[in-house]
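Visitor: Structure provided below as structure tokens; questions to follow.
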Amino acid sequence: MVVEIVAGFVVLVLLVLFVAYVVNIYNQLVSLRERVDQAKQNIDVLLKQRQDELTKLIDAAKEFMEQEERVLTQLTEAREQAERADSPAEQAQADQQIRQAMMNFEARAEAYPELRSQENMMQFQKRISDIESQIADRRELYNEAVTQLNTRIDQFPYVILANQFGFEERELFEATAAEKADVDVGAAFDDA
């Protein structure tokens, strides 16, 4: 009888340990998933800030560059495409268009000394540049979080629970070929 009680107790302890282990694995996967979601939201916050700054920049530039409608239209369209971007790939494409539009804008601004000298314009351009740098940093953190989640989902024994509980791999942010290419600043000035 004592052996049966001890055996029952050992089985109960093993069952509790197994459940605790499963709960721990599940909680780790949830934590990684939430970290990826938070990293994505942090990027979205900066993208929204950039959109706000671009709107202010465009409004300030309109006062001085009415005849440069094409440059402002390009910048506005790029900003609107960025607002519609959902996936990392779409965001990368929109970012490339914004960068190109900003290069064209800055090249055009060089032709207007009164615009260049406007303190607001310079502040907006600096702010957008700062935000671009922050976006790059946040994307790096996002990719790190996604890599950790995707790796954990594929590891044993996590893969078993990940499949059972519906954890799925996330898409990494990848720069477009145009973003990876060297920037020809001279051509941007020539286009202006």
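Values in this text are rule-based calculations from the coordinates and carry no lab data. Remember, it's a predicted structure, so these values are computed and weren't measured experimentally. Positions of Cβ are backbone-derived with ideal geometry, glycine not excepted, and every protein chain shown enters the neighbour counts.
Visitor: Just want the ordering: F173, F156, from fewest to most Cβ atoms lying within 10 Å of their own Cβ.
Guide: F156, F173
Visitor: Continuing with the same structure: Which FRET efficiency value, to the nearest 0.05, do you get for N163 and V16 by plugging their Cβ-Cβ distance into 1/(1 + (r/R0)^6) with R0 = 22 Å?
Guide: 0.35
Visitor: Measure off 7 Å from each Cα along the Cα-to-Cβ vector at Q49 and A89, then give the distance between these two points in nanometres to one decimal.
Guide: Distance between the two pseudo-spin positions: 2.9 nm.
Visitor: Say each of V30 and A136 gets a label point 7 Å from the Cα, pointing the same way as Cα to Cβ; how far apart are those two points in nm?
Guide: Placing both labels 7 Å beyond Cα along the Cβ direction yields 3.8 nm.
Visitor: Tell me, D137, D86 in order of fewest to most beta-carbon neighbours within 10 Å?
Guide: D86, D137
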